[in-house]
Every structure is written in structure tokens, then in C-alpha cells.
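Here the structure comes first, spelled out in C-alpha cells, and everything after it is commentary.
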Amino acid sequence: MFKCSSKKCRKPIEVRGYCPECKLAYRREWAAAHPGYFDEKRREWDAKNPEKAAEQKKRRSERYHATKVLKEKRVPLTMAERKKKYLEKHPIKAEARKIYKYALRHGKLVRGPCEVCGVTEGIDGHHTDYTRPLEVRWLCKEHHRQAHLECRAV
């Protein structure tokens, strides 16, 4: 068992030299101190090995096109199309909202003040459980946003 050759680190390692973290840090510092060195070496290698260079370039291009979505001009969806797509993706939420809105319209639910600050204007209904559409927390816009942030954090 050897120790890392870096005077700051000295972690135990299996082979003589630097630990992977120290080696990476050294390489980054060296590359920053010698800008353009690797580009020059790459061009020299490409000139000596044109077939291999062309093959590598082709593979890189294929890999790029396989992982990146080509930037094609997409027609943006209208608001109605986006809403329809969202509701199809989340049918339980959609059904709960439909029942909630129906109950509000027909007087089965009445908006109350914000549970946190007591404001009576601009109140939203917040579902903590979409399987119980009529169990709603009344929150102002600000506290409703905070409630959703808390739900995402959990």
C-alpha cells in the first residue's frame, strides 16, 4: 500500500503516484496554464492518422446526434393543446379539479380566507390529496405557491 504523492493529500492508494482526485486537479491546473496545447497535439495526431481521425470524427458525430435532439423548428402548442396534454397525463388530478370546480359553482364548497395569513382576496383551493377532491385547503396565491414547493421537496 502506497500513499498519494501529493503533499497535501497523502491518502492510501494501491499504486505508486497520485490518487485520482489529486491527478485530476493537477491535470486541470496544467491545462489552464498551457492553453491550446491539447488542440495543437490533436491537430498533429489528426495529420499523422487521417483515416483514424475521420473515423473518430464520424463516431463523435453519431454519438452527438444520438444523444442531442436536433434543433428543428417545432410548432409551439396552443394553451388549449398543452392543457389537454397535461390532463391526459394526470387523469386523477384532472378529475379532482373538475369535481372541485363543480362544487364551487353549485355552492357545495365556499371559499374561505387563507389558512396562513387570513387574506380574503385571490384565494385558491389547494388539494393535498387528489383522491379526496372536496377536501381543500384555502390559501392565497403566495402561500399556495409555497405549499407546492413544500410538496415537491418531500
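What follows draws every value from the coordinates through simple rules; no lab data is involved. Every value quoted in this text rests on a predicted model; they were computed, and no experiment measured them. Here the Cβ positions follow ideal geometry from the backbone for every residue, glycine too, while neighbour counts run over all protein chains shown.
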*Cα centroid distance between the range 131-154 and the range 33-102, in Å?*
33 Å
_Candidate aspartates and glutamates - alpha carbon under 19 Å from residue 11, same-chain residues fewer than 8 apart omitted_ = 21
*What lysines sit close enough to residue 85 to cross-link, taking a C-alpha to C-alpha distance under 19 Å and skipping anything fewer than 8 places away on the same chain?*
93, 98
*Counting helices only, and only those DSSP H runs with n ≥ 4, report the 222 nm mean residue ellipticity of the chain as the sum of -39,500 (n - 2.57) divided by its residues, in deg cm²/dmol to the nearest 500.*
-17500 deg cm²/dmol
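Could you please rank 92, 123, placing first whichever residue has the fewest other Cβ atoms within 10 Å of its Cβ?
Result, fewest neighbours first: 92, 123.
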*Counting only C-alpha contacts under 8 Å and six or more residues apart, can you give the relative contact order of the range 38-144 as a whole percent?*
17 percent
*For residue 26, what charge total do you get from the other residues with a beta carbon under 14 Å from its beta carbon, if Lys and Arg give +1 and Asp and Glu give -1?*
+3
*Inter-label distance, nm, simple model (7 Å from Cα along the C-beta direction), residue 128/residue 11*: 4.5 nm
*asked:* Suppose each label sits 7 Å from its Cα in the direction of the beta carbon; what would the residue 146-residue 42 distance come out to in nanometres?
replied: 5.0 nm
_Extension gain (nm, one decimal) between residue 94 and residue 82, 0.36 nm per residue minus Cα-Cα_ = 3.0 nm
*Note down the magnitude of the dipole of the chain about its Cα centre, charges +1 on Lys and Arg C-beta and -1 on Asp and Glu C-beta and zero elsewhere, to the nearest 20 debye.*
500 debye
*With springs only between Cα atoms under 10 Å apart, run a GNM on the chain and tell me which of 91, 133, 20 wobbles the most.*
20
*Which lysines have a Cα lying under 17 Å from the Cα of residue 57, excluding residues fewer than 8 positions away in the same chain?*
41, 48, 68
